[in-house]
1. With respect to Y272, determine if the residue is of a type in the set (F, W, Y), within 30 Å of I156 (Cα to Cα) and either at pLDDT below 95 or in a strand (DSSP E or B) (or both).
2. Which one of L133, L112, L118, L137 is surrounded by 20 or more Cβ atoms within 10 Å (Cβ to Cβ), of a type in the set (A, V, I, L, M) and either out of contact with any strand residue (DSSP E or B) (no Cβ under 7 Å at 6 or more places or on another chain) or modelled with pLDDT under 95 (or both)?
3. Cβ-Cβ distance below 7 Å, separation of 6 or more or different chains: which pairs start in segment 22-50 with a residue that is surrounded by 12 or more Cβ atoms within 10 Å (Cβ to Cβ) and among the acidic types (D, E) and end on one that is in a helix (DSSP H, G or I) and at pLDDT below 95?
4. Scan segment 60-87 for residues that are buried (at least 24 other Cβ atoms within 10 Å of the Cβ) and hydrophobic (A, V, I, L, M, F, W, C) and jot them down.
5. Under the condition of being under 14 Å from I93 (Cα atoms) and out of contact with any Leu (no Cβ under 8 Å at 6 or more places or on another chain), which residue from segment 229-250 is surrounded by the fewest Cβ atoms within 10 Å (Cβ to Cβ)?
6. Looking at P55, is it surrounded by fewer than 13 Cβ atoms within 10 Å (Cβ to Cβ) and not small (G, A, S)?
7. Taking K303, is it within 26 Å of S157 (Cβ to Cβ), charged (D, E, K, R) and surrounded by fewer than 16 Cβ atoms within 10 Å (Cβ to Cβ)?
8. Within segment 209-254, which residues are among the charged types (D, E, K, R), in contact (Cβ under 8 Å) with a residue 12 or more places away in the chain and over 18 Å from D107 (Cα atoms)?
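The values are calculated or read from the model by the stated rules, or taken from the named source; none is laboratory data. Keep in mind the model is a prediction, meaning the values are calculated, not measured. Note: ideal-geometry Cβ built from the backbone for every residue, glycine included; neighbour counts use all protein chains shown.
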Amino acid sequence: MFLYLRSIAEDSPGEKWKKAFDKAWPYYKKWFVSEGYSSRPGYLTSSEKLKEFMPELYPIYKQLCELAGDGDLESRFLSQYSPPPFMSGCSQIAWTKDANMLIRNYDYSPRLFEGILLKSNWLKPVIGISDCLWGLLDGINADGLTISLTFGGRNISGDGFGVPLVMRYVLETCSTIEEAIQVFHRVPVHMSYNVTILDKNKHFVTVFLSPDRPVSVVATCIGTNHQHSVEWENYASMSATLPRMQFLEKCLYNPEETSRSIKQKFMHAPLYNTQFEKGFGTLYTAIYDLEKFECQIRWPNKKKTYSFDNFEEEKLQINLSKMFFGQKLGI
C-alpha cells in the first residue's frame, strides 16, 4: 500500500490547482452527493454564506469556481457549506519547552487522502496540507501563526462550514492567536473539532468547536479526539483518544523530554497508528517550526523539509506496508 504526497507551489489559483481539482473531483463528487444531490444546500445559499462569514476569501472562491468550470455542484462543493460528515483521528501538541513548534499526526484512510502540500500566496504566504482542494488540515503562514485540527469526538452535525476551509481562512487573514480565536467564535462549523493554535511568541491555545454549543477556548497545548470529556464512547475506545492524551501529558511534564525526543515519540505507538486497512492509520507527521518558519513532513523512514524560501515541488512515494511491517517488528 502506497501513499503519495505532492508538493505544489502556486501563488494564485491557476493551472496547477485546476489539474489537482480535475484529478480529485470525481472522488469528491461521489462523497459530496453520497446522501443525495439535494441533501446539500443550494448554490445561492452556499455562496452567500461564504460571502457573509469569510468575505476576504470570496474573490478566491469565485476564481476557483471558474477554474472548476462554474458548475452548480462544483461551486456548492467549493463553498464547503454544510458538507457531508467526515471524521479523522489525530494527535497534536504545541511544544514550547526548548523550541517553538506544532507537531501533529494525521490519522485517516490512505484511500481518502488528498495528498497535497500547497504553498500559496492568495492573501498572504501560506504552506499547509490541503483538504477539499482549498481547505487545510494544518498549516503555517508567513506571519508566524500555525494551526492544526483534530476531530472532536462528538457524533453530531449541523449547519456550518467544513473546518478545513475555516483553517484556511484563519491562516489567510490572521496574524495572532487573538485574531484566530475571533474567527472561530464568528464562523460556524458543521461538526465538532479541536484546533490547536501556536504563534511565534510561544503563545498557544486549543479551541473546541461544535455546531450546537458555544466555542470553548482552552489553555492547553494538546489535542486528541475528545473535548472536555469523552462523549462518544465507541469512537473514543476505537481511536484511543484518552491514552494518547495521557501519553502526551506525560511527555509534556517530563523534565527530560526535549523537542528532539518528542518528535521521535510521534513515530511510535500510541501516537503512531498502523490500522491503515481499517482507515485509521497515521498518514503523516507534520512539524511546523516557528523559529525556522519551516514545515517538515515525516514518516518513520522518510522526511522532507519545506519553507517559504526553499520549497521543492515533487511527488513523494511512501510505502505504508513497509511501515506497518516495521512497526509490528518494533523497528
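1. On the way: of a type in the set (F, W, Y): yes; within 30 Å of I156 (Cα to Cα): yes; either at pLDDT below 95 or in a strand (DSSP E or B) (or both): no.
So Y272 does not fit the description; no.
2. Details: L112 fails: surrounded by 20 or more Cβ atoms within 10 Å (Cβ to Cβ); L118 fails: either out of contact with any strand residue (DSSP E or B) (no Cβ under 7 Å at 6 or more places or on another chain) or modelled with pLDDT under 95 (or both); L137 fails: either out of contact with any strand residue (DSSP E or B) (no Cβ under 7 Å at 6 or more places or on another chain) or modelled with pLDDT under 95 (or both).
That would be L133, the only listed residue that is surrounded by 20 or more Cβ atoms within 10 Å (Cβ to Cβ), of a type in the set (A, V, I, L, M) and either out of contact with any strand residue (DSSP E or B) (no Cβ under 7 Å at 6 or more places or on another chain) or modelled with pLDDT under 95 (or both).
3. Close Cβ pairs satisfying both conditions: none exist.
4. Listed by number, the residues that qualify are F77, L78.
5. First, the residues of segment 229-250 that are under 14 Å from I93 (Cα atoms): 241, 244-250.
If we keep only those that are out of contact with any Leu (no Cβ under 8 Å at 6 or more places or on another chain) too, we end up with 241, 245-246, 249-250.
Working: T241: 24, M245: 18, Q246: 14, E249: 14, K250: 11.
Checking each candidate, the answer is K250.
6. On the way: surrounded by fewer than 13 Cβ atoms within 10 Å (Cβ to Cβ): yes; not small (G, A, S): yes.
Answer is yes for this residue.
7. On the way: within 26 Å of S157 (Cβ to Cβ): no; charged (D, E, K, R): yes; surrounded by fewer than 16 Cβ atoms within 10 Å (Cβ to Cβ): yes.
When the stated conditions are applied, K303 does not pass them.
8. Residues of segment 209-254 that are among the charged types (D, E, K, R), as a first pass: 212-213, 231, 233, 244, 249-250.
Subsequent filtering for residues that are in contact (Cβ under 8 Å) with a residue 12 or more places away in the chain retains 212, 231, 244, 249.
Selection gives D212, E231, E249.
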